[in-house]
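Step one of this worksheet: look at the structure below.
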Amino acid sequence: MDNKQKRYNELAEKWLNGALSPEEEKEYNDWYDADRGEIEVDPSVAASSGQLRDRIFERVKSAAGVEDGSFSSRKRVVYWRAAAAAAVVLVLVSAMYFLRGRVSGGHVDPPVAVNAAARHDVLPGKNKAILTLSNGKQIVLNDSSSGLLAAEGGAQVVKSTDGGIAYQKAGEAPSMPALNTMTIPPGGEYQLSLPDGSKVWLNAASSITFPTSFTGRERKVAITGEAYFEVTANAAHPFIVSVNGVDVTVLGTHFNINAYQDEGSIRTTLLEGSVRVTNTQNGQAKVIVPGQQSELDRPGHMNVREVNTDEVVAWKNGLFQFNKTDVYTMMRQISRWYNIEVTFQGAPTKEEFSGTIPRNLTLSELLTVLKTVKVKFVMEGNKLTVMSS
């Protein structure tokens, strides 16, 4: 690092800690004005760039909760880390401008130009789902109160106080158990405990179909979209997840399946235990071990590779986590979580992105972060257009 860059990094850290002297503040402001320019702030989001800085700063501090995280595009990097006494956000100078409010002599800069992309703010996704019973009755789970929701097929459907639902045995199971389906809309997520005690987390725009009680030799469910499973061990009754021509067979394990139609492949990632992934079209099967991911593309070719499992299941832990991710892949995740339409105009940036962002930011806050790495966009109603770079 050259002396000039080192000096700017020192000033950035001192600015974050409120320790700039008047001379250092002028030095830093002169550099900022010359190289970075102002932040655009919509009055509906924040009254000033300083207020926007504070708002995002506090949300990232409270939501990140990780030892080391980053969001970067080439040399522009944002790091946040947990310190012993309190979380401290360290922003490298090359990405400083999205957090920096202009405060001088007790005066906060007035609002600057309205940013059209933030004009219509969108809240992040939340717990919401629709449960369809075997008789066709639908229960909107985000509106229902806790307690008993339904009883059928030898099971009671109970909603817990934390928002998830569980199937509890209630009498003898019929020879042909009833089938229920939980559907998660875009902008939602939900947790489910199956009749055998296995737990399922469903991501936005996903679904699972399952029996109200497991009978026979196998425990079988079907999903669309993305789901994370923690399966109760039972060697005598294998657990099978069926999705788009793939069967994932397990005895007891933790794994994630991503099978969105717009992703181009079905990815099964193992965190614990052992699973066998079978292409039901040609019988090809692969056994994967923890830390591995099988990927079946649309033509039917299956490959196995080592992956970062934290990145794969980040969604379950309330995070977007990217690792050399292209803008198209990144925007597909954002579209599902915020329930917005994303289109592209021209040829957007070819840069790849790496880093971690909390999923509980509003859309305008997320877009403010993305602006630091030169993603250009226009928001009109519920449609986000990503512009050419």
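The values are calculated or read from the model by the stated rules, or taken from the named source; none is laboratory data. What you are looking at is a predicted structure, and each value in this text was computed from that prediction instead of being measured. All Cβ positions, glycine included, derive from the backbone under ideal geometry; neighbour counts span all protein chains shown. Surface areas here come from the heavy atoms of the whole protein model, side chains and all, with no ligands, DNA or RNA. Shrake-Rupley method; radii C 1.70, N 1.55, O 1.52, S 1.80 Å.
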Legend entry - Matching residues in the stretch 371-382 - criterion: being assigned to a loop (DSSP other than H, G, I, E, B) and open to solvent by less than 10 Å² (accessible area, probe 1.4 Å): THR372, VAL373, VAL375
Legend entry - Unique residue being open to solvent by 60 Å² or more (accessible area, probe 1.4 Å), assigned to a loop (DSSP other than H, G, I, E, B), farther than 30 Å from LEU319 by Cβ and modelled with pLDDT under 90 when the list is PRO110, PRO177: PRO110
Legend entry - Only listed residue being open to solvent by 20 Å² or more (accessible area, probe 1.4 Å), in a loop (DSSP other than H, G, I, E, B) and under 25 Å from PHE377 (Cα atoms), chosen from ASN360, ASN282: ASN360
Inset, instruction - May I ask you to list the residues in the stretch 333-346 that are of a type outside the set (S, T, N, Q) and open to solvent by less than 50 Å² (accessible area, probe 1.4 Å)? - result: ILE334, ARG336, TRP337, TYR338, ILE340, VAL342
Inset, instruction - Kindly list the number of the only condition in (1) of a type in the set (S, T, N, Q); (2) modelled with pLDDT under 95; (3) part of a strand (DSSP E or B) that fails for SER294. - result: (2)
Legend entry - Total residues in the stretch 125-163, condition open to solvent by less than 30 Å² (accessible area, probe 1.4 Å), at pLDDT 90 or above and not in a strand (DSSP E or B): 4
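In this structure, is ASN323 assigned to a strand (DSSP E or B) and buried (at least 20 other Cβ atoms within 10 Å of the Cβ)?
no
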Legend entry - Selected residue (only one of THR368, THR385, THR349, THR329 is surrounded by fewer than 21 Cβ atoms within 10 Å (Cβ to Cβ) and in a helix (DSSP H, G or I)): THR329
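Which residue is farthest from LEU133 (Cα to Cα), if the candidates are limited to the stretch 204-229 and must be outside any strand (DSSP E or B) and open to solvent by 10 Å² or more (accessible area, probe 1.4 Å)?
ARG217
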Inset, instruction - With respect to VAL248, determine if the residue is free of Cβ contacts under 8 Å to residues at least 24 places away in the same chain, part of a strand (DSSP E or B) and surrounded by 22 or more Cβ atoms within 10 Å (Cβ to Cβ). - result: no
